[in-house]
Amino acid sequence: MNSDTKLIRTQTARSHNREHATPLYLTSSFIFDDAEQGRAIFADEMEGNIYSRYSNPNTTEFIDKICEMEGAEAGLAFSSGMAAVFASFAGLLKSGDHVVAYRAIFGSTHQLLTTLFPRWGISNTYVDAATPDALLAAITPATKMIFLETPSNPGLELVDLAWLCKTVKQHYPHIIINVDNCFATPYLQKPMDYGVDIVSHSATKYMDGQGRVLGGVVVGKKELIKEMMFFIRHTGPAMSAFNAWLLSKSLETLPLRMDRHCSNALKVAQVLEASKQVEQVRYPHLPSHPQYQLALKQMKQGGGIVTFIIKGGFDSAKKFMDALSMILISSNLGDSRTIATHPASTTHAKLSESERQSIGIFPGSIRISVGLENIDDILNDIATALQKTS
Ligand SMILES: *Cc1c(COP(=O)(O)O)cnc(C)c1O
């Protein structure tokens with residue numbers, strides 16, 4: 001079966017009720033047929049559910065689908081994307097370890113590395129995606145992990161995964177490469193194909209895709225996931241059965257939704273680029289993107305996010321956002337509805353002006369998470385708002 005078919009056909013074994021869709025398993029714990037079965041499952045001699053903090057049929061079905069898409073051996077599901085990202089560090093690192101992270105990463109991940117982990121003796125160095133050699137220069141004998149997002153938020157810079165994995169694995173085979181693949185989704189980009197060790201996700205974004213639930217997932221090599229499993233069993237950031245049930249259903253339509261997000265986003269990017277009021281547009285599959293060739297190679301399509309700089313700075317950006325009528329202002333992304341965000345005053349407000357500029361955020365930057373609406377309605381709303389801004 002093809003991978004998009006497997007997303008639809010992967011299903012928890014049917015019960016004697018012959019249900020068509022997977023039922024919701026709202027049960028905190030599971031029973032054993034006899035004492036010997038309980039012993040064998042606890043001893044890892046036999047697979048089986050014990051307690052929903054460890055596993056549940058709904059979370060297992062969800063994880064199986066992500067493993068299938070990412071080409072991973074094993075995975076774990078979490079209550080949110082940040083719980084997943086946190087566990088991908090905390091479950092594998094110890095005091096004295098060092099992380100090299102690309103500068104343009106999600107705000108809360110930045111806080112984890114900058115503020116929280118140093119309390120526990122885990123240090124970090126940030127590097128710029130634009131200077132590949134800086135990455136190698138930042139590696140120390142204590143470096144245990146490299147963390148990155150590609151494309152980055154909201155600057156949409158790419159990291160060349162083939163180059164990174166080849167270079168790092170050749171000289172430092174013990175370093176774990178950890179990629180947050182939330183923006184692209186495994187439908188568009190498969191980091192493990194290049195040699196990435198673990199992939200983390202916020203399932204809250206495109207995996208749900210309809211703005212309803214929080215969720216996170218980490219997939220990767222079996223030994224690493226097993227090591228993380230110990231951490232999560234005893235710290236408890238598990239995904240709820242309800243969220244897993246909903247997210248697994250959502251994955252059935254992920255390829256369809258991503259195709260539409262991407263085709264709508266490409267048109268939005270082209271129209272914005274043609275406007276005299278726009279200084280710059282960033283979209284991976286736009287020929288003007290500085291890494292266009294890499295984007296064509298690494299991403300099946302350009303994704304659902306377009307970031308542009310409107311002429312006239314913050315004032316114009318504010319006017320444009322307020323002039324939108326169908327498109328709503330929110331800090332979320334990856335929704336069926338088109339969303340506009342002003343990163344400099346919201347998601348990235350805590351950074352200094354120079355920190356923002358180093359990751360491609362300017363006072364006039366606007367991020368559009370392009371939704372699934374009819375493209376004519378999206379373009380009309382943008383054109384009208386641009387008119388009102390001029
Ligand atoms: C949203 C997001 C997260 C955090 O996910 P939550 O589900 O909100 O906890 C992490 N990384 C990226 C790239 C995100 O966009």
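The values are calculated or read from the model by the stated rules, or taken from the named source; none is laboratory data. Everything quoted here is computed from the prediction, not taken from an experiment. We place every Cβ from the backbone using ideal geometry, glycine too, and count neighbours over all the protein chains shown.
Listed residues Thr125, Thr115; which is modelled with pLDDT of 95 or more and either in a helix (DSSP H, G or I) or in the same structural domain as Gly364 (by TED's automatic domain parsing) (or both)? Outline the logic, then answer.
Numbers: Thr125 fails: either in a helix (DSSP H, G or I) or in the same structural domain as Gly364 (by TED's automatic domain parsing) (or both).
Exactly one residue qualifies, and that residue is Thr115.
Kindly provide the set of residues from the stretch 352-390 that are within 21 Å of the chain's Cα centre (by Cα) and without any contact (Cβ under 8 Å) to a residue 24 or more places away in the chain, ordered by number.
Selection gives Arg356 alone.
Quick check on the stretch 83-92. Is at least one of its residues within 16 Å of the ligand (Cβ to nearest atom), of a type in the set (S, T, N, Q) and under 24 Å from Thr167 (Cα atoms)?
yes
Out of the stretch 149-186, which residues are aromatic (Phe, Trp, Tyr) and buried (at least 22 other Cβ atoms within 10 Å of the Cβ)?
Taking the stretch 149-186 first, the residues aromatic (Phe, Trp, Tyr) are 163, 172, 183.
Of everything in the stretch 149-186, just one residue is aromatic (Phe, Trp, Tyr) and buried (at least 22 other Cβ atoms within 10 Å of the Cβ), namely Phe183.
Name the single residue, out of those in the stretch 191-248 being of a type in the set (D, E, K, R), more than 16 Å from the ligand (Cβ to nearest atom) and free of Cβ contacts under 8 Å to residues at least 40 places away in the same chain, that is surrounded by the fewest Cβ atoms within 10 Å (Cβ to Cβ).
Glu223
Look through Met258, Met229 and report the one residue that is farther than 24 Å from Lys300 by Cβ and either of a type in the set (A, V, I, L, M, F, W, C) or in contact with a Gly (Cβ under 6 Å, 6 or more places away or on another chain) (or both).
Testing whether each residue is farther than 24 Å from Lys300 by Cβ and either of a type in the set (A, V, I, L, M, F, W, C) or in contact with a Gly (Cβ under 6 Å, 6 or more places away or on another chain) (or both) leaves just Met229.
Any idea which of Pro186, Pro154 is of a type outside the set (A, V, I, L, M), in contact with a helix residue (DSSP H, G or I) (Cβ under 6 Å, 6 or more places away or on another chain) and part of a helix (DSSP H, G or I)? Before the answer, list the steps.
Numbers: Pro154 fails: part of a helix (DSSP H, G or I).
Within the list Pro186, Pro154, the selection yields Pro186.
Among the residues of the stretch 363-378, which ones are closer than 21 Å to Ile310 by Cβ and in a loop (DSSP other than H, G, I, E, B)?
Step one: list which residues in the stretch 363-378 are closer than 21 Å to Ile310 by Cβ, which gives 363-371, 375, 377-378.
Those that are closer than 21 Å to Ile310 by Cβ and in a loop (DSSP other than H, G, I, E, B): Pro363, Gly364, Val370, Gly371.
From the residues in the stretch 245-289 that are assigned to a strand (DSSP E or B) and under 24 Å from the mean Cα position of the chain (by Cα), which one is farthest from Ala184 (Cα to Cα)?
Kept after step one, since they are assigned to a strand (DSSP E or B), are these residues of the stretch 245-289: 278-282.
With the extra rule that they be under 24 Å from the mean Cα position of the chain (by Cα), the set shrinks to 281-282.
Working: Val281: 18, Arg282: 15 Å.
Only one residue tops the list, namely Val281.
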